[in-house]
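**Student:** So that we are looking at the same thing, I have put the structure below in structure tokens.
Please treat every number below as a calculation from the coordinates, not as lab data. From a predicted model like this one, the values you see are computed outputs, not experimental measurements. Quick reminder, even Gly has a Cβ in these numbers, built from the backbone with ideal geometry, and neighbours come from all protein chains shown.
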Amino acid sequence: MTVLSEDLIAEANAREIAALDEDYDALGRKLARGGLAIDAIKDRVAAFSVAVPSWGAGRGGTRFAKFPIPGEPTNIHEKLEDCAVIQQLSRVTPRVSPHFPWDKVGDYKGLRQEAAALGLGFDAVNSNTFQDQPGQARTYATGSLSSTVAATRAQAVEHNIECIEIGQQLGSRDLTVWVGDGTNFPGQQDFARSLDRYLDAASQVYAALPGDWRMLLEHKMFEPAFYSTVISDWGSSILAAQELGPKAKCLVDLGHHAPNVNIEQIVARLHRFGKLGGFHFNDSKYGDDDLDSGSINPHQLFLVFNELVEAEAHPRDGFDPSYMIDQSHNVTDPIESMLSSAEAITSCFAKALLVDREALHAAQEANDTMMAFQALRRPYTIDVAPILARARAEAGGAIDVLATYRASRWRERKAQERKPVGLGAGIV
Ligand SMILES: [Mn+2]
């Protein structure tokens, strides 16, 4: 079952194919001069994938407001439909990362079948102990896994275990844990004791992990707590992951660091110790974490992928990171943002594949700074769009994803069918 007409995509591609062939062949000749086979790169690109978050299908918001658009999805079923549109056009987002309790349903086996019929699977399950739900016994106002109240910690543990159980039915194998726990005032909590409580509670979640599952710890420097957070940085994250055990890994969200932090080096460090478990892609200008991937600093995204490709070539402890987009679409159609982001992410992956690693390593060993730099700079300046477009087209996707999406009039049609979204608060 396809959500968009295959004929529509084929007709749009027919108008683009001659120009694409010309560009692909020209790029192929250019890469061949450097000893690279463009078809081999294209095959690697075709095998690449990144998950989309279920919540990303809706218009996000800020803590000030949310401005819904007509035709926006209001439940997991409609969100899956929109994710299927992204996958059908881009062919690089075959999995959806669900979030509970936002995506709660009565029948998870049915939901898994529904997704499969749309050509989708499920990625990491995300728990939520950063906000209270109706009917919840204990508040998370003063923390969840690190709460000073034992019953609150127990409730947060129980919720995470429930997420694992749901994830098993959905075919997931990762639980992503991010807590909003932290403080807004110096002295508000004891740094050591709050981490002790977190580790104790997290170890109870860890103990409930099935054998082939991983627990991905996501750090965040600030927000909603603005003075300190319990898992604030990659240091806290790796220490916690090391204490919890081999199935605990670190998840790097690009926007969860101080401005200008060298995130590519963090990637290399986490990989060195076998603890790089996952990635949340987005972009950031100041201290935010929700701008579209590659919209502000595509060079950083490329340098991150350079480390990921390097790590893949030199695997340690089963290198198998889970890649996901995690951003909030406040002013765009979320489908368009995720199409554009998926392209930006895949493009950086493709450029990282073009790096001449032998030349890079030789220049590094010889302390030839300029040639080492050029080994990274040259592939960064190459336009790899024809490689991505050819990979998409061969898989049945669209050569021009945004133009084809607009031509489908998907959002206009859904605006007629779907019920309007309420003016709710923003989501994180
Ligand atoms: Mn994230």
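**Student:** Spot the failing condition for TYR227; the list is (1) of a type in the set (Ser, Thr, Tyr); (2) out of contact with any Pro (no Cβ under 8 Å at 6 or more places or on another chain); (3) farther than 27 Å from ILE325 by Cβ, and only one is missed.
**Tutor:** If we test TYR227 against (1) of a type in the set (Ser, Thr, Tyr); (2) out of contact with any Pro (no Cβ under 8 Å at 6 or more places or on another chain); (3) farther than 27 Å from ILE325 by Cβ, just (2) comes out false.
**Student:** Moving on to the next point. Assuming LYS275 fulfils every condition listed in (1) among the charged types (D, E, K, R); (2) buried (at least 17 other Cβ atoms within 10 Å of the Cβ); (3) within 16 Å of the ligand (Cβ to nearest atom) apart from one, which condition is it?
**Tutor:** (3)
Condition check ((1) within 14 Å of the ligand (Cβ to nearest atom); (2) in contact (Cβ under 8 Å) with a residue 60 or more places away in the chain; (3) touching an Asp or Glu at 6+ places or on another chain (Cβ under 9 Å); (4) farther than 27 Å from SER203 by Cα) across all residues:
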residue	(1), (2), (3), (4)
TRP234	yes, no, no, no
ILE238	no, no, no, no
LEU244	no, no, no, no
HIS256	yes, no, yes, no
ASN262	no, no, no, yes
VAL267	no, no, yes, no
ASP289	yes, yes, yes, yes
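**Student:** Which of the residues that make up segment 173-194 are away from the ligand (no atom under 16 Å from the Cβ) and in contact with a strand residue (DSSP E or B) (Cβ under 9 Å, 6 or more places away or on another chain)? Break it down stepwise before answering.
**Tutor:** Pass one, segment 173-194, residues away from the ligand (no atom under 16 Å from the Cβ): 173, 183-194.
ARG173, THR183, ASN184, PRO186, GLN188, GLN189, PHE191, SER194 - these are the residues of segment 173-194 that are away from the ligand (no atom under 16 Å from the Cβ) and in contact with a strand residue (DSSP E or B) (Cβ under 9 Å, 6 or more places away or on another chain).
**Student:** Then there's this: Residues to consider are THR152, THR176, THR142; find the one that is in contact (Cβ under 8 Å) with a residue 12 or more places away in the chain and more than 21 Å from the chain's Cα centre (by Cα). Break it down stepwise before answering.
**Tutor:** Values: THR176 fails: more than 21 Å from the chain's Cα centre (by Cα); THR142 fails: in contact (Cβ under 8 Å) with a residue 12 or more places away in the chain.
Selected residue: THR152, the only one of THR152, THR176, THR142 that is in contact (Cβ under 8 Å) with a residue 12 or more places away in the chain and more than 21 Å from the chain's Cα centre (by Cα).
**Student:** So in segment 211-225, with the set limited to residues that are surrounded by 13 or more Cβ atoms within 10 Å (Cβ to Cβ) and part of a loop (DSSP other than H, G, I, E, B), which one is nearest to the ligand (Cβ to nearest atom)?
**Tutor:** Taking segment 211-225 first, the residues surrounded by 13 or more Cβ atoms within 10 Å (Cβ to Cβ) are 213-225.
Retained after the next criterion (residues that are part of a loop (DSSP other than H, G, I, E, B)): 213, 219-225.
On the way: TRP213: 19, HIS219: 10, LYS220: 8, MET221: 12, PHE222: 14, GLU223: 11, PRO224: 13, ALA225: 15 Å.
Among those residues, the one meeting the criterion is LYS220.
**Student:** Looking at (1) within 16 Å of the ligand (Cβ to nearest atom); (2) more than 30 Å from THR74 (Cβ to Cβ), which one does ASP326 not meet, given that it meets all the others?
**Tutor:** Answer for ASP326: the failing condition is (2).
**Student:** While we're here: Exactly one condition in (1) under 27 Å from ASP233 (Cα atoms); (2) in a loop (DSSP other than H, G, I, E, B); (3) hydroxyl-bearing (Ser, Thr, Tyr) is false for SER194; which is it?
**Tutor:** Status for SER194: all satisfied but (2).
**Student:** Sticking with this structure for a sec: Given the structure, is THR229 touching a strand residue (DSSP E or B) at 6+ places or on another chain (Cβ under 7 Å), farther than 27 Å from GLY318 by Cα and more than 16 Å from the ligand (Cβ to nearest atom)? Spell out how you get there, then give the answer.
**Tutor:** On the way: touching a strand residue (DSSP E or B) at 6+ places or on another chain (Cβ under 7 Å): yes; farther than 27 Å from GLY318 by Cα: yes; more than 16 Å from the ligand (Cβ to nearest atom): no.
The answer is no for THR229.
**Student:** Still on this structure, I have one more. Scan segment 300-346 residue by residue and report those that are over 19 Å from ASP289 (Cα atoms), in contact (Cβ under 8 Å) with a residue 12 or more places away in the chain and over 15 Å from the mean Cα position of the chain (by Cα).
**Tutor:** Those that are over 19 Å from ASP289 (Cα atoms), in contact (Cβ under 8 Å) with a residue 12 or more places away in the chain and over 15 Å from the mean Cα position of the chain (by Cα): ASN306, GLU307, VAL309, GLU310, ALA311, ALA313, ARG316, ASP317, GLY318, PHE319.
**Student:** Give VAL96, VAL105, VAL125, VAL92 a once-over and let me know the one that is more than 30 Å from ILE387 (Cα to Cα) and surrounded by 19 or more Cβ atoms within 10 Å (Cβ to Cβ). Steps first, answer last, please.
**Tutor:** Numbers: VAL96 fails: more than 30 Å from ILE387 (Cα to Cα); VAL105 fails: surrounded by 19 or more Cβ atoms within 10 Å (Cβ to Cβ); VAL92 fails: more than 30 Å from ILE387 (Cα to Cα).
Step by step, each of VAL96, VAL105, VAL125, VAL92 is checked, and only VAL125 is more than 30 Å from ILE387 (Cα to Cα) and surrounded by 19 or more Cβ atoms within 10 Å (Cβ to Cβ).
Every residue, every condition in (1) out of contact with any Leu (no Cβ under 7 Å at 6 or more places or on another chain); (2) closer than 22 Å to HIS280 by Cβ; (3) among the β-branched types (Val, Ile, Thr), yes or no:
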| position | (1), (2), (3) |
| --- | --- |
| ALA14 | yes, no, no |
| ALA19 | yes, no, no |
| ASP25 | yes, no, no |
| ARG44 | no, no, no |
| ARG59 | yes, yes, no |
| ARG63 | yes, yes, no |
| THR74 | yes, no, yes |
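**Student:** Here is a further query. What number of residues within segment 311-323 satisfy the criterion of being more than 16 Å from the ligand (Cβ to nearest atom) and closer than 28 Å to GLY287 by Cα?
**Tutor:** 1
**Student:** Surrounded by fewer than 23 Cβ atoms within 10 Å (Cβ to Cβ), closer than 22 Å to HIS256 by Cα and among the small types (Gly, Ala, Ser): does that describe SER203?
**Tutor:** Values: surrounded by fewer than 23 Cβ atoms within 10 Å (Cβ to Cβ): yes; closer than 22 Å to HIS256 by Cα: no; among the small types (Gly, Ala, Ser): yes.
Considered against the rule, which asks whether it is surrounded by fewer than 23 Cβ atoms within 10 Å (Cβ to Cβ), closer than 22 Å to HIS256 by Cα and among the small types (Gly, Ala, Ser), SER203 comes out as no.
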